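See below for the structure under consideration.
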Amino acid sequence: MTYNNEGFVKPTVVKAFIEGRTAKGQFATITFKKKDGTIREINGCFAPSSKIVGSEKGFIQSEQMKQRGQIPIYSVKDKHWKSFYIDQVVEIA
């Protein structure tokens, strides 16, 4: 795993990992730092934004998330979509 100076997985590594999992429809476990500084772990799957947006409003929201560096993930445990910032990933598996 390649980390930056702050101990986070490099965004390019996270992006490549997610693209591989999205294409194959596989699950992943992402550990990341939340805005409040706490660490969260989510086990879930990634899907193309077309699977989650459902409408024009959803498409706009998806694009805004991308611009902020947020990545949507479907949490198996919580049974709904969550997100994390690509530059705040501590571990991916």
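Structure data summary
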read-out: Test: residue in the stretch 39-54 that is more than 18 Å from His80 (Cβ to Cβ), modelled with pLDDT of 75 or more and either surrounded by 10 or more Cβ atoms within 10 Å (Cβ to Cβ) or out of contact with any Lys or Arg (no Cβ under 8 Å at 6 or more places or on another chain) (or both); value: yes
read-out: Asn4 vs. criteria more than 20 Å from Lys79 (Cα to Cα), of a type in the set (S, T, N, Q) and surrounded by 10 or more Cβ atoms within 10 Å (Cβ to Cβ); value: yes
read-out: Pair list, Cβ < 6 Å and 6+ apart or interchain, from the stretch 53-76 residues that are closer than 22 Å to Thr29 by Cα and of a type outside the set (A, V, I, L, M) to residues that are loosely packed, with under 12 Cβ neighbours inside 10 Å and at pLDDT below 85; value: none
read-out: Filter result (surrounded by 12 or more Cβ atoms within 10 Å (Cβ to Cβ), within 21 Å of Lys77 (Cβ to Cβ) and either of a type in the set (Val, Ile, Thr) or modelled with pLDDT under 85 (or both)) within the stretch 18-28; value: Ile18, Arg21, Thr22
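The values are calculated or read from the model by the stated rules, or taken from the named source; none is laboratory data. Only a predicted model underlies this, so the values are computations on that prediction, with no experimental measurement involved. No Cβ is skipped: glycine too gets one built from the backbone with ideal geometry, and neighbour counts run over all protein chains shown.
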